[in-house]
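Undergrad: Before I ask anything, here is the structure I am working with.
The values are calculated or read from the model by the stated rules, or taken from the named source; none is laboratory data. Computed from a predicted structure; not experimentally measured. Using ideal geometry, Cβ is built from the backbone for each residue, glycine included, and neighbour counts are taken over all protein chains shown.
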Ligand code: NAP
């Protein structure tokens, strides 16, 4: 009998509809995907794997025999906070297309900063005709904090485009052509050497508030920052201070403590801040559905649960 896989989601109606179209098609030879609300009591009881996107934890708990859940997002900080640690294993979405899309975004916004676009935009508003010295990519050091699926791909793409790239992660890493650092001393080195910093670590108990006034104070004069990770990793007040009083010259922010960013937030009108509405690497339903189908197909074929989040590390 074809197994039933619950889809548990409180995402927006549009997002849920997109998944309800894409998932059944991708899993059609593997399982029947059913919204949680449509499950019979037996189907709830029989489910050992569910697909989740912003799920109500009570609904996940109502599936008492779950072995694992497949998240449709790459960031799983809400799931790790809301699902009990003795609950089902959490498998996050790791999609090579997402790494490609994120590395494209990192490259695009690094070039935006590298080619002084905020400065020329500000000059245009004042009708100022004034060129500034051109620096070559190899003269620009970009520090990537977080060297996982997304940070690693981004660091390599920056290197391929001629930038001098430094990387930092929790454990020691080796990436060809990239000077890799780890630990507290490693972070200080990367902060002190980088002209552009890219945040791409997950939000965990360790990284929450990790980039605050001391870390921003370690940055180079005139350095700029891109946060494509999660808002709470970066301290808003410390960032505003570093932009207003130095050393930072500009910040490109795609993620915030509260999303959408409230209309009253000072970032909206700040000359040195570029606000993006969490668009650097959205989940792409077509490619993500194929990854989900591969994972769930493998599980039903031989019981393999894909690599899951280490609950003690939080990622
Ligand atoms: P990942 O593969 O799990 O990699 C995480 C990286 O961060 C690893 O290199 C890890 O170090 C490092 N790290 C974790 N905790 C650390 C700590 N305390 N100190 C130093 N480094 C630490 O994650 P990913 O797939 O690259 O995704 C990263 C994050 O991007 C996601 O969690 C999500 O929040 C965010 N994201 C944003 C968007 C967007 O549109 N803005 C889209 C997708 C994802 P080790 O290598 O030593 O483990």
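Undergrad: Restricting attention to segment 51-76, which residues are in a loop (DSSP other than H, G, I, E, B), within 16 Å of the ligand (Cβ to nearest atom), farther than 11 Å from residue 9 by Cβ and in contact with a strand residue (DSSP E or B) (Cβ under 9 Å, 6 or more places away or on another chain)? Steps first, answer last, please.
TA: Restricting attention to segment 51-76, the residues satisfying the condition of being in a loop (DSSP other than H, G, I, E, B) are 54-56, 63-67, 72-76.
With the extra rule that they be within 16 Å of the ligand (Cβ to nearest atom), the set shrinks to 54, 72-76.
Remaining after also requiring farther than 11 Å from residue 9 by Cβ: 74-76.
Once the filter is applied, which keeps residues that are in a loop (DSSP other than H, G, I, E, B), within 16 Å of the ligand (Cβ to nearest atom), farther than 11 Å from residue 9 by Cβ and in contact with a strand residue (DSSP E or B) (Cβ under 9 Å, 6 or more places away or on another chain), segment 51-76 yields only 76.
Undergrad: Could you go through segment 131-145 and let me know if any residue there is closer than 22 Å to residue 242 by Cα and within 10 Å of the ligand (Cβ to nearest atom). Give the derivation first.
TA: Going through segment 131-145, the residues closer than 22 Å to residue 242 by Cα turn out to be 140-145.
Checking which are within 10 Å of the ligand (Cβ to nearest atom) leaves us with 144-145.
Yes, segment 131-145 has at least one match.
Undergrad: Could you go through segment 89-103 and let me know if any residue there is part of a loop (DSSP other than H, G, I, E, B), buried (at least 17 other Cβ atoms within 10 Å of the Cβ) and either at pLDDT below 95 or more than 10 Å from the ligand (Cβ to nearest atom) (or both).
TA: no
Undergrad: With respect to residue 197, determine if the residue is in contact (Cβ under 8 Å) with a residue 24 or more places away in the chain, part of a helix (DSSP H, G or I) and surrounded by 14 or more Cβ atoms within 10 Å (Cβ to Cβ). Write out each step before concluding.
TA: On the way: in contact (Cβ under 8 Å) with a residue 24 or more places away in the chain: yes; part of a helix (DSSP H, G or I): no; surrounded by 14 or more Cβ atoms within 10 Å (Cβ to Cβ): yes.
For residue 197, the condition - in contact (Cβ under 8 Å) with a residue 24 or more places away in the chain, part of a helix (DSSP H, G or I) and surrounded by 14 or more Cβ atoms within 10 Å (Cβ to Cβ) - is not met.
Undergrad: Please specify each residue of segment 28-50 satisfying the condition of being outside any loop (DSSP other than H, G, I, E, B) and in contact (Cβ under 8 Å) with a residue 12 or more places away in the chain.
TA: Here is the first cut: in segment 28-50, the ones outside any loop (DSSP other than H, G, I, E, B) are 32-38, 41-46, 49-50.
Of everything in segment 28-50, those that are outside any loop (DSSP other than H, G, I, E, B) and in contact (Cβ under 8 Å) with a residue 12 or more places away in the chain turn out to be 32, 33, 34, 35, 36, 43, 44, 45, 46, 49, 50.
Undergrad: Here's another thing I want to ask about it. Suppose we filter segment 241-253 for residues that are free of Cβ contacts under 8 Å to residues at least 40 places away in the same chain and either under 22 Å from the mean Cα position of the chain (by Cα) or within 16 Å of the ligand (Cβ to nearest atom) (or both); how many remain?
TA: Selection size over segment 241-253: 2.
Undergrad: Please pick out the residue among 209, 167 that is at pLDDT 95 or above, touching a strand residue (DSSP E or B) at 6+ places or on another chain (Cβ under 6 Å) and either closer than 23 Å to residue 93 by Cα or not in a helix (DSSP H, G or I) (or both).
TA: Working: 209 fails: touching a strand residue (DSSP E or B) at 6+ places or on another chain (Cβ under 6 Å).
One residue alone meets the criteria, 167.
Undergrad: Taking segment 283-315, which residues are farther than 23 Å from residue 83 by Cα and assigned to a loop (DSSP other than H, G, I, E, B)?
TA: Of everything in segment 283-315, just one residue is farther than 23 Å from residue 83 by Cα and assigned to a loop (DSSP other than H, G, I, E, B), namely 284.
Undergrad: Here's something else I'd like to know. Condition check: surrounded by 20 or more Cβ atoms within 10 Å (Cβ to Cβ), more than 25 Å from the chain's Cα centre (by Cα) and modelled with pLDDT of 95 or more. Does residue 7 satisfy that?
TA: Details: surrounded by 20 or more Cβ atoms within 10 Å (Cβ to Cβ): yes; more than 25 Å from the chain's Cα centre (by Cα): no; modelled with pLDDT of 95 or more: yes.
So residue 7 does not fit the description; no.
Undergrad: Of everything in segment 262-282, what is in a loop (DSSP other than H, G, I, E, B) and away from the ligand (no atom under 16 Å from the Cβ)? Give them in sequence order.
TA: Answer for segment 262-282, where residues must be in a loop (DSSP other than H, G, I, E, B) and away from the ligand (no atom under 16 Å from the Cβ): 262, 263, 264, 265, 270, 271, 272.
Undergrad: Give 205, 229 a once-over and let me know the one that is crowded, with 24+ Cβ neighbours inside 10 Å, near the ligand (Cβ under 10 Å from one of its atoms) and closer than 26 Å to residue 313 by Cα. Reasoning before the result, please.
TA: Numbers: 205 fails: crowded, with 24+ Cβ neighbours inside 10 Å.
Criteria check complete, one pass: 229.
Undergrad: Out of the residues in segment 176-187 that are near the ligand (Cβ under 10 Å from one of its atoms) and in a strand (DSSP E or B), which is surrounded by the fewest Cβ atoms within 10 Å (Cβ to Cβ)? Lay out the reasoning, then the answer.
TA: From segment 176-187, those near the ligand (Cβ under 10 Å from one of its atoms) are 180-184, 186-187; that's our starting set.
Of the ones still in play, those that are also in a strand (DSSP E or B) are 180-182.
On the way: 180: 19, 181: 21, 182: 16.
Step by step, filter segment 176-187, then rank; the result is 182.
Undergrad: Shifting gears a bit: So which residues in segment 38-52 are within 29 Å of the chain's Cα centre (by Cα) and surrounded by fewer than 21 Cβ atoms within 10 Å (Cβ to Cβ), if there are any at all?
TA: Scanning segment 38-52 gives a single hit, 48.
Undergrad: Next question. Filter segment 147-174 for residues that are more than 20 Å from the chain's Cα centre (by Cα) and near the ligand (Cβ under 10 Å from one of its atoms) and give the result.
TA: Across segment 147-174, the qualifying residue is only 172.
Undergrad: Restricted to segment 213-226, and to residues that are within 15 Å of the ligand (Cβ to nearest atom) and either in a strand (DSSP E or B) or under 19 Å from the mean Cα position of the chain (by Cα) (or both), which residue is farthest from residue 79 (Cα to Cα)?
TA: Among residues in segment 213-226 that are within 15 Å of the ligand (Cβ to nearest atom) and either in a strand (DSSP E or B) or under 19 Å from the mean Cα position of the chain (by Cα) (or both), the one farthest from residue 79 (Cα to Cα) is 225.
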